[in-house]
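The values are calculated or read from the model by the stated rules, or taken from the named source; none is laboratory data. This one's a predicted model, so the numbers in the text were calculated from it and none came from an experiment. No Cβ is skipped: glycine too gets one built from the backbone with ideal geometry, and neighbour counts run over all protein chains shown. Protein only, heavy atoms only, side chains kept; ligands, DNA and RNA dropped before computing areas. Shrake-Rupley method; radii C 1.70, N 1.55, O 1.52, S 1.80 Å.
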Amino acid sequence: MEPKTKRRASIGARRSPETEAAVKAAARELLAEKGYAGFSIEEVARRAGAGKPTIYRWWPSKADLFIAIYGADKDAAIPVPDTGSLRDDLLLYTKDLWRFWREDTAGRVFRGLIAEAQTSEGALAALRFKFMPERLASPRKMFLRAAERSEFPADEIDDRLELWVGFNWLHVLTDRLSEDEPSLPHKIALLCR
């Protein structure tokens with residue numbers, strides 16, 4: 001029988017930094033052990049010694065908690081390059097993104113969020129209205145800078161960004177990140193024409 005984790009004291013309406021750190025650490029640990037399918041708020045709460053109502057107040061669903069973990073880990077792992085060329089920026093960023101999806105715990109289980117979004121309206125809403133706007137902010141900067149440099153018309157930013165996302169998601173969802181990496185320079189060049 002596992003020992004019970006010490007309950008953390010509430011500090012009212014404000015987030016306790018200690019509890020937030022414990023919840024995120026427990027979430028990362030659980031994701032590493034059980035993947036997205038085995039990830040639950042109940043188990044995170046037990047491991048963190050936090051109350052489920054507290055976690056649900058901060059993150060209304062497991063998808064929301066995962067998105068917070070994924071975003072923090074991805075932002076820490078992937079710098080946004082500014083080489084003066086969209087092709088060079090995208091190549092560097094895409095290589096880093098694919099490495100993150102292969103090597104980081106949150107990156108490896110990212111496909112689970114996409115899978116859940118196919119059967120859960122809540123997960124789909126979190127993916128569309130929280131995850132996508134937050135996670136596309138950095139790549140959008142690269143496309144905006146390229147349009148400002150007149151590499152392509154500004155009214156093409158959203159379309160080009162969507163093509164780049166679709167290209168990446170094809171590779172992550174079909175587990176072709178390693179085998180197709182050598183072809184990245186050619187494919188990124190095609191996307192940047």
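Probing with 1.4 Å while keeping every protein chain in the model, the per residue accessible area of the chain equals 53 Å². Along its first, second and third principal axes, ordered by size, the chain spans 59, 35, 30 Å in Cα coordinates. Of interest is the spacing of the C-alpha centroids, which for the range 166-193 and the range 66-132 amounts to 15 Å. Reported value for the range 9-102: 112 Å³ per residue, from the convex hull of its C-alpha atoms. Between Leu191, Phe152, Val80, the Cα set farthest toward the positive side of the dipole of the range 70-191 (charges on each charged residue's Cβ, about the Cα centre) is that of Val80. Summed over all non-identical Cα pairs, the Kirkwood treatment of the range 90-151 gives a radius of 13.2 Å. Since only Leu124, Val23, Pro53 are under comparison, the one whose Cα sits farthest along the positive direction of the charge dipole of the chain, derived from C-beta charges on Lys, Arg, Asp and Glu, is Pro53. Basic side chains Lys and Arg get +1 at the Cβ, acidic Asp and Glu get -1 at the Cβ, and with that the dipole of the range 70-191 about its Cα centre reaches some 140 debye.
Surface composition of the chain: carbon plus sulfur atoms hold 53% of the accessible area, using a 1.4 angstrom probe and ignoring ligands, DNA and RNA.
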